[in-house]
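Contents: one structure, followed by commentary.
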Amino acid sequence: MGKRNNKQLNKIYSKPLPITLTSDYYNGVKLPNLYPHNPISWIWYIFKYIQINSLYTIPESKILPVNVHYDEGIFKVIDEEGMKKLWQQGFFGKGILSRSEPTWKERTITRLQLDVDTSLAGDLAMEDVTKLRREERKLFKLQRAKVQELELKTRQGIITQDEVQELEQLRNDVSNMRKNTRLDVSKEIDSPDMREEDEDIIDDNGEVIQLEFLQLQNVETFFLKFALNVIEISTIDSIRDLFKQCCLHYDNNTSIAPNNKFILDYVVYHHFRSLGWCVRSGVKFGTDFLLYKRGPPFIHAEYCILVIPNDESIEYDWFQMAAKARVIGTVKKIFVLVYVDCPKQTDFDRIFNGNYDDGLMFKELFRSYRVSEILYRRWAPSRTRD
């Protein structure tokens, strides 16, 4: 009933962002220790410093960026290697045919038993692991209910000898299931019969055709391009064009306002990403973002983020706040209101239309926004009375 081995997860998701460090790319090269009283250490330190900064190029200059396709307002990653990289190194995007990680092809191969090695639950996707875990919980609850029924008969004095033996066996089984919280990887998923549509997703070589792509949010796409520069968008040439396209997705006006929804969301997204949080969409809980300490495979999200401009351009009444807080409290998360102070239109236009390089312009532009967080907690009278 537990999640997969954390050692395996730590190995798969070892990189928090899709960037490569120089020390990793060049087999652990790094600056040596410097001892001020030892002249040889100074010479060796200077030599390694010149070597790293002059002879070694930046790893990203040799690593090809991930190709992103822009189609009718949607940013798509079609290449399987690109999908795998962006998901395993930062949990970016969502598979359109999966819950989050793009595992449709692996699940289809497992269901059709086209690869013997993927038929075991130890190599299952998150959806299939969740299915097995739910089956184990269902069996545990049924056995626990049977134990309670037989214990009631014991207290009433109407239990038979056969039921006494059954009660002891059930108690042992329930106790073992409570202790053994790890998923039983020896189970196999039952493969249903071939569906009619399955013939169309298998090519002439007997392999499954990839129908799934990784869809990126606008804020994720801009972060990967502006902050990390690890993607290449086929139909958009510059960061400024990407910025305009993302802003127009929320507002069809030709002029971009400082309180544009995309800008507010990106400022908050970049803020929490820079603090080391894994930021995902919070639409399923009625909020803008979810914050994970590490990512979905490790632990559930702890915080739900609602982005609110501080200029009252978007108003939430207390009925909406109470509804969101009730939903978030039900799923045991903490509700965070993030207020964003926007610059004036004149200051925004001065920076955006100024004589700046694109990178410097956006840095200066985002510095003019201020982010403040407020925890929203629902008051429960029964829990707070004296």
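Got at least one residue in segment 8-15 being over 30 Å from Lys225 (Cα atoms) and either at pLDDT 80 or above or part of a helix (DSSP H, G or I) (or both)? Within segment 8-15, none of the residues are over 30 Å from Lys225 (Cα atoms) and either at pLDDT 80 or above or part of a helix (DSSP H, G or I) (or both).
Residues that are open to solvent by less than 60 Å² (accessible area, probe 1.4 Å) and charged (D, E, K, R) number at least 3 in the following helices (runs of 4 or more DSSP H) confined to segment 189-285: 261-274. Can you tell me which residue within segment 328-362, out of those that are of a type in the set (Val, Ile, Thr) and in contact with a Ser or Thr (Cβ under 9 Å, 6 or more places away or on another chain), is nearest to Ala301 (Cα to Cα)? The residue in question is Ile328. Any chance you could count how many residues in segment 296-314 are surrounded by fewer than 19 Cβ atoms within 10 Å (Cβ to Cβ) and within 15 Å of the chain's Cα centre (by Cα)? Final tally of qualifying residues: 5.
Of all residues in segment 360-367, none satisfies being open to solvent by 10 Å² or more (accessible area, probe 1.4 Å), modelled with pLDDT under 95, out of contact with any Phe, Trp or Tyr (no Cβ under 7 Å at 6 or more places or on another chain) and part of a loop (DSSP other than H, G, I, E, B). List pairs: first residue in segment 290-303 and at positive phi, second residue open to solvent by less than 60 Å² (accessible area, probe 1.4 Å) and at pLDDT below 95 anywhere in the structure, Cβ distance under 7 angstrom, at least six positions apart or on different chains. If the second residue must be open to solvent by less than 60 Å² (accessible area, probe 1.4 Å) and at pLDDT below 95, the pairs left are Gly295/Tyr13. Every residue in segment 304-321 that is in contact with a Leu (Cβ under 7 Å, 6 or more places away or on another chain) and either without any contact (Cβ under 8 Å) to a residue 12 or more places away in the chain or closer than 23 Å to Lys94 by Cβ (or both), please. Cys304, Ile305, Leu306, Val307, listed by residue number. Taking segment 322-346 only, how many residues are open to solvent by 60 Å² or more (accessible area, probe 1.4 Å), touching a residue at least 12 places away in the same chain (Cβ under 8 Å) and in a helix (DSSP H, G or I)? So the answer is 3.
Of all residues in segment 44-62, those satisfying the criterion of being over 21 Å from Asp237 (Cβ atoms) and surrounded by 14 or more Cβ atoms within 10 Å (Cβ to Cβ) are Trp44, Tyr45, Lys48, Ile52, Pro59.
The set of residues in segment 213-247 being under 15 Å from Pro65 (Cβ atoms), without any contact (Cβ under 8 Å) to a residue 24 or more places away in the chain and among the acidic types (Asp, Glu) consists of Asp237 alone. Within segment 124-178, if we keep just the residues that are in a loop (DSSP other than H, G, I, E, B) and at negative phi, the residue that is modelled with the lowest pLDDT turns out to be Leu124.
Selection of segment 369-386 for residues being modelled with pLDDT of 95 or more and either touching a Lys or Arg at 6+ places or on another chain (Cβ under 9 Å) or farther than 17 Å from Ile305 by Cβ (or both) yields an empty set. Only residues that are of a type in the set (Val, Ile, Thr) and open to solvent by 60 Å² or more (accessible area, probe 1.4 Å) were counted in segment 63-84, giving 1.
The values are calculated or read from the model by the stated rules, or taken from the named source; none is laboratory data. This one's a predicted model, so the numbers in the text were calculated from it and none came from an experiment. Cβ sites come from the backbone with ideal geometry, for glycine too, and all protein chains shown count toward neighbours. Heads up: the accessible areas ignore ligands, DNA and RNA and are worked out on the full protein's heavy atoms, side chains in. Shrake-Rupley method; radii C 1.70, N 1.55, O 1.52, S 1.80 Å.
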